[in-house]
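Student: First the structure, which I've put down as structure tokens, then a few questions once you've had a look.
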Amino acid sequence: MPTKAHHPLVEDFLARLEEKDYRHTGTREEVARAVAQQGSHFTAEALCEALPRVGRATVYRNVKLLVEMGFLCRVLMEDGELHYQVSHKGHHHHLICTYCGQSQDLLNCDFQGLLKEKASTQGFEVEGHTVELYGRCRTCASEATAS
Ligand SMILES: [Zn+2]
Ligand SMILES: [Zn+2]
Ligand SMILES: [Zn+2]
């Protein structure tokens, strides 16, 4: 059982900060710890609420840093609300269930070739893409057929 003090996300984040010569502050650690304790995806606001003693700007700045370093990914909900979740790292997409709100990672993306082809007809060179998929997860789908 990992103890509270040795969560892998917290440890990796602190190690990466050190590598990059960022100042290791107690606040950064506190934010990373709160992130590690969030269940699935969360808003920056929820994180602020979990950290009443940390200023909002500091929370937002650290969330941005965690995204840049690949520890968190942005998850755009169907209603346009931006959430965050601990990242799988590397390129991937999210399968977001609009019934229960659960988000799963979709790895092994093969959209890039297709998107490149489509965009090239308009003379556009694709450098990257973001795609979120909305629908019904397996659990919700089986509950729907059962009832
Ligand atoms: Zn992700
Ligand atoms: Zn679901
Ligand atoms: Zn992709």
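The values are calculated or read from the model by the stated rules, or taken from the named source; none is laboratory data. Owing to the predicted nature of the structure, the values given are computational and were not obtained by experimental measurement. Counting neighbours? That spans all protein chains shown, and the Cβs are built from the backbone with ideal geometry, glycine included.
Student: Would you tally the residues in region 50-66 being surrounded by 12 or more Cβ atoms within 10 Å (Cβ to Cβ) and either out of contact with any Ser or Thr (no Cβ under 8 Å at 6 or more places or on another chain) or at pLDDT below 90 (or both)?
Tutor: 10
Student: Follow-up. Right, Cys48: within 15 Å of ligand 2 (Cβ to nearest atom) and either of a type outside the set (A, V, I, L, M) or assigned to a loop (DSSP other than H, G, I, E, B) (or both) or not? Walk me through how you get there before you give the answer.
Tutor: Numbers: within 15 Å of ligand 2 (Cβ to nearest atom): no; either of a type outside the set (A, V, I, L, M) or assigned to a loop (DSSP other than H, G, I, E, B) (or both): yes.
No.
Student: Let me ask you something else. Name the single residue that is surrounded by the fewest Cβ atoms within 10 Å (Cβ to Cβ) among those in region 87-111 being within 16 Å of ligand 2 (Cβ to nearest atom) and not in a loop (DSSP other than H, G, I, E, B). I'd like the intermediate steps shown before the answer.
Tutor: At the first step, the residues of region 87-111 found to be within 16 Å of ligand 2 (Cβ to nearest atom) are 94-106.
Those left that are additionally not in a loop (DSSP other than H, G, I, E, B): 94-97, 103-106.
Details: His94: 22, Leu95: 16, Ile96: 21, Cys97: 19, Ser103: 20, Gln104: 15, Asp105: 13, Leu106: 15.
Selected residue: Asp105.
Student: Quick one: how many residues across region 112-130 are under 30 Å from Gly39 (Cβ atoms) and surrounded by 12 or more Cβ atoms within 10 Å (Cβ to Cβ)? If you could, list the steps in order and put the result at the bottom.
Tutor: Residues of region 112-130 that are under 30 Å from Gly39 (Cβ atoms), as a first pass: 128-130.
Now restrict to residues that are surrounded by 12 or more Cβ atoms within 10 Å (Cβ to Cβ): 129.
Total satisfying the criteria: 1.
For (1) within 16 Å of ligand 3 (Cβ to nearest atom); (2) β-branched (Val, Ile, Thr); (3) under 29 Å from Glu18 (Cβ atoms), each residue gets a yes or a no:
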site: Val35; (1), (2), (3): no, yes, yes
site: Gln38; (1), (2), (3): no, no, yes
site: Tyr60; (1), (2), (3): no, no, yes
site: Glu81; (1), (2), (3): no, no, no
site: His91; (1), (2), (3): yes, no, yes
site: His94; (1), (2), (3): yes, no, no
site: Cys97; (1), (2), (3): no, no, no
site: Gly101; (1), (2), (3): no, no, no
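Student: Something else now. What are the residue pairs meeting all of these: first residue in region 86-108, first residue outside the structural domain of His41 (by TED's automatic domain parsing), second residue surrounded by 15 or more Cβ atoms within 10 Å (Cβ to Cβ) and basic (Lys, Arg), Cβ atoms under 8 Å, and 6 or more apart or on different chains?
Tutor: These pairs meet every condition: Cys97/Arg136; Thr98/Arg136; Tyr99/Arg136.
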